[in-house]
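Novice: So that we are looking at the same thing, I have put the structure below in structure tokens.
The values are calculated or read from the model by the stated rules, or taken from the named source; none is laboratory data. Because the structure is a prediction, the values reported are computed rather than measured. For neighbour counting, all protein chains shown are included, and Cβ atoms are generated from backbone atoms with ideal geometry for every residue, glycine included. These area figures cover heavy atoms from the full protein model, side chains too; ligands, DNA and RNA do not enter into them. Shrake-Rupley method; radii C 1.70, N 1.55, O 1.52, S 1.80 Å.
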Amino acid sequence: MAFYDLSKQERVARVAQIQHDLLKALQSTMLETVEAYFEDDDLYIRKAAYLGYGRCYSAYPDLRKNAILLLQQLANHSSELVRQTVINAAGEIGIWQFEPVQDFFESGLQDAHHKARNAVIGSLKKMSQKNPEPTLSWAKKYINHSDKEIRRQVCHGIELRGRTHPEDVLPLLELLQFEKTKRVRDTLVHVLGQISYKKGCLSKVLDALRQWKDKTVVKDALLEIIDVHSEKRYAKFTALSQDQVITAIQLQFPELDFSA
């Protein structure tokens, strides 16, 4: 029976059982138990497993060495579901202790399967939001990687921190301003839009863009920022109206016309 076919009470009990089983597995370094949960076909079972794994790591310092060891043994598993969940579990650890798990993200960036690569993006998002200093320092090493897909993943991965602290990620995004690959460039523009719409963020984004040298990507970003503030996008959640945004942009960029 799938996780969400269970009643709420049954789901709570199931999560508690997973947590209990993982704790026992870490105590005895029983790889098979962790592997079974990490390979489960049900997304929500895998999610409960990687969240539970992170909680065990946090709560039981004496088991941390075992936790890293088991993740290392599963990191090159033949199943993309296992590799994906390993990276997600590493992300839960990296929220507050990045160094022991950074190798998982370095290998995950180059994984052959998109599920594992996307897990790196998700992990970067939560780690950069809650543990920004080491995470963003690591991301800076990869933001201009020779592999375009790695550049895109890292750019996307630092988005969440930028939504609340755009000043932390704008220097990294600036390193991509001359990007020639459309897929990466589109991600850059998207992220600039995403980090612009919460209270106090727009002015920081505009001040930074004013200093960028690639005026084509700047204009694309400004158009995206205007669109993000539209009724069809996030108008219900934005700190400013679209008209206010257009006015602010015109003050900073009088040479450009965004009235249309």
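Novice: Note the angle between two axes, namely the Cα long axis of helix 114-130 and the longest principal axis of the Cα atoms of the chain, as a number of degrees from 0 to 90, rounded to the nearest 10.
Specialist: So the inclination is approximately 70 degrees.
Novice: Could you order 183, 163 by accessible surface area, starting with the largest, using a probe radius of 1.4 Å? List each step's numbers first, then the result.
Specialist: Details: 183 135, 163 55 Å².
Putting 183, 163 in descending order of accessible area: 183, 163.
Novice: Given the options 60, 37, 142, which has the most mean-square fluctuation in a GNM of the chain, springs set between C-alpha atoms less than 10 angstrom apart?
Specialist: 60
Novice: If you don't mind, another one. What length, rounded to one decimal in nm, is gained on full extension from residue 146 through to residue 9, with 0.36 nm per residue of separation minus their alpha-carbon distance?
Specialist: Values: separation 137, 0.36 × 137 = 49.32 nm, distance 4.92 nm.
Between residue 146 and residue 9, full extension yields 44.4 nm more.
Novice: Still on this structure, I have one more. When the convex hull of the Cα atoms of the stretch 1-53 is projected onto a plane and the area is averaged over all directions, what value comes out in nm²? Could the numbers behind the result be given before it?
Specialist: Working: hull surface 13.0 nm².
Averaged projected hull area, Cα only: 3.2 nm².
Novice: Same structure, new question: Could you give the dipole magnitude of the chain about its Cα centre, charging the beta-carbon of Lys and Arg +1 and that of Asp and Glu -1, in debye to the nearest 20? Display every interim value, and only then the final one.
Specialist: Details: 36 positive and 34 negative charges, 87 e Å.
The dipole magnitude comes to about 420 debye.
Novice: Another one. From the square roots a ≥ b ≥ c of the eigenvalues of the alpha-carbon gyration tensor of the stretch 154-216, which class results: rounded (a/c under 1.5), prolate (a/b over b/c), or oblate? Walk me through the numbers before you get to the answer.
Specialist: Working: a/c = 1.91, a/b = 1.32, b/c = 1.45.
It is oblate, given that a/c is not under 1.5 and a/b is not larger than b/c.
Novice: Can you give the accessible area of residue 227, probe radius 1.4 Å, in Å² rounded to 10?
Specialist: Rounded to the nearest 10, the figure is 40 Å².
Novice: So between residue 97 and residue 60, what do we pick up on full extension, going 0.36 nm a residue minus the alpha carbon distance? Before the final figure, lay out each step's value.
Specialist: On the way: separation 37, 0.36 × 37 = 13.32 nm, distance 1.37 nm.
Between residue 97 and residue 60, full extension yields an extra 12.0 nm.
Novice: Can you run phi through the Karplus equation (6.51, -1.76, 1.60; θ = phi - 60°) for the stretch 159-166 and list ³J(HN,Hα) in whole Hz, with x for Gly and Pro?
Specialist: Once θ is set to phi - 60°, the couplings for the stretch 159-166 become 4, 5, 4, x, 5, 10, 9, x Hz.
Novice: How much of the accessible area of the chain, in percent, comes from carbon and sulfur atoms when a 1.4 Å probe is used?
Specialist: Numbers: 6430 of 12900 Å².
After summing per-atom areas, the C and S share lands at 50 percent.
Novice: Top to bottom by accessible area (1.4 Å), largest first, where do 133, 39 land?
Specialist: Values: 133 155, 39 75 Å².
From most exposed to least exposed: 133, 39.
Novice: Going toward the positive end of the dipole of the stretch 1-152, with +1 on Lys and Arg Cβ and -1 on Asp and Glu Cβ, which of 63, 87, 150 do you reach last?
Specialist: Going by the charge dipole, the pick is 150.
Novice: Could you sort out which of 180/236; 47/180; 125/215; 24/140; 126/219 sit more than 31 Å apart by Cα distance in this structure? Don't skip to the end; give the middle numbers.
Specialist: Working: 180/236 34 Å; 47/180 36 Å; 125/215 28 Å; 24/140 38 Å; 126/219 29 Å.
180/236; 47/180; 24/140, as the Cα separations exceed 31 Å there.
Novice: Can you tell me which of 146, 196, 137 moves the most in a GNM of the chain? Springs connect C-alpha atoms under 10 Å apart.
Specialist: 146
Novice: What residue among 43, 209, 192 has the largest mean-square fluctuation in a Gaussian network model of the chain, using Cα springs under 10 Å?
Specialist: Its mean-square fluctuation being the largest, the pick is 43.
Novice: Å³ per residue of the Cα convex hull, for the stretch 119-204?
Specialist: Working: hull volume 6.9 nm³, N = 86.
Each residue corresponds to 80 Å³ of Cα convex hull volume.
Novice: Moving to a separate point now. What per residue convex hull volume, in Å³, comes out for the stretch 47-147 when only alpha-carbon positions are used? It would help to have the intermediate numbers written out before the result.
Specialist: Details: hull volume 8.8 nm³, N = 101.
Per-residue hull volume (Cα only) is 87 Å³.
Novice: Any idea how far the Cα center of the stretch 132-154 sits from the one of the stretch 1-54, in Å?
Specialist: 31
Novice: If you roll a 1.4 Å probe over the heavy atoms of the protein chains, what accessible area per residue do you get for the chain, in Å²?
Specialist: Ligands and nucleic acids excluded, the figure is 50 Å² per residue.
Novice: Moving to a separate point now. Just the Kirkwood number for the chain, please: inverse of mean 1/r across all distinct Cα pairs, in Å, one decimal.
Specialist: Working: mean 1/r = 0.0504 Å⁻¹.
With all distinct Cα pairs of the chain included, I get 19.8 Å.
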